[in-house]
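Below you'll find the structure, written out as structure tokens, and then a few comments.
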Amino acid sequence: MIICNDNERVGMWIAEKSDGGYRDGSICIGVEKNKKLVAGIMYEWFNGTSVYVHVAAEKNWFDREFLLYCFHYPFIEMDCNVMIGLVPEANLKARKLDEHLGFTLKHIIPEAHPQGGLCIYTMYKHECKWLRIKNVIA
């Protein structure tokens with residue numbers, strides 16, 4: 001089940017799982033299985049053109065409908081041009097997931113994270129393969 005109306009709950013869960021933080025005003029979408037959150041995405045710092053995204057997920061979280069909506073929401077509903085993800089260089093699982101989803105590594109800032117470098121990933125609306133998949137929510 002996709003959760004779209006509980007920003008604080010989903011945001012706090014994402015923050016706990018990703019060692020990040022939840023900020024008031026962030027938009028959060030989660031997926032719940034057996035009444036337990038298993039994945040979530042948080043959108044923040046939307047400036048009319050770009051938005052920062054943070055993702056957290058348990059093992060075996062995959063939900064196609066959720067994944068499609070994760071890209072539909074910023075690119076269609078917010079009319080955003082680019083999604084930006086910041087990932088610790090040492091977090092190879094997150095980097096692999098971002099790249100599998102279609103994000104592009106733009107730059108690594110050395111010594112910008114407690115674990116080392118900080119990777120900047122982007123996905124532009126015109127590059128998003130998820131918007132071209134049939135049956136996307138329109």
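Annotations
- Segment 28-131: C-alpha gyration tensor shape, a/c 1.5 cut-off, then a/b vs b/c: oblate
- Antiparallel DSSP beta bridges within the chain, as percent of all bridges there, nearest 5: 90
- Applying the criteria of a DSSP loop state and at most 14 other Cβ atoms within 10 Å to the chymotrypsin sites (Phe, Trp or Tyr not before Pro) of segment 33-70 yields TRP45, PHE62.
- For ARG64 and LEU97, a Förster radius of 22 Å and the Cβ-Cβ distance give a FRET efficiency of 0.90, rounded to the nearest 0.05.
- Loop-resident trypsin sites (Lys or Arg not before Pro) (DSSP state other than H, G, I, E or B) in segment 37-121 with no more than 12 further Cβ atoms inside 10 Å of their Cβ: LYS59.
- Spin-label zone in segment 9-49 - amide nitrogen under 16 Å from a point set 7 Å from the Cα of ILE2 along the C-beta vector: 27-33, 38-43
- Put simply, the amide H of ALA90, placed in the peptide plane, has neighbours under 5 Å in GLY117, leaving out anything fewer than 5 places away on its chain.
- Relative contact order for the chain, counting Cα pairs under 8 Å that sit 6 or more residues apart, in percent: 18
- Point-charge dipole on Cβ atoms (K/R +1, D/E -1) for segment 2-131, about Cα centre, debye to 20: 380
- Annotation for segment 28-57: trypsin sites (Lys or Arg not before Pro) lying in DSSP loop with at most 13 further Cβ atoms inside 10 Å of their Cβ are LYS35.
- You can think of it this way: the chain between GLU77 and LYS106 has 7.9 nm of extra reach, that is 0.36 nm per residue less the Cα-Cα gap.
- Whole-Hz couplings from phi, Karplus 6.51/-1.76/1.60, listed for segment 112-118; x for Gly and Pro: 9, 9, x, 9, x, x, 10
Throughout, read-outs are computed from the coordinates displayed, never taken from laboratory work. Remember, predicted model here, so these are calculated numbers, not experimental data. Methodologically, a virtual Cβ is constructed for each residue, glycine included, from the backbone with ideal geometry; neighbour enumeration extends over all protein chains shown.
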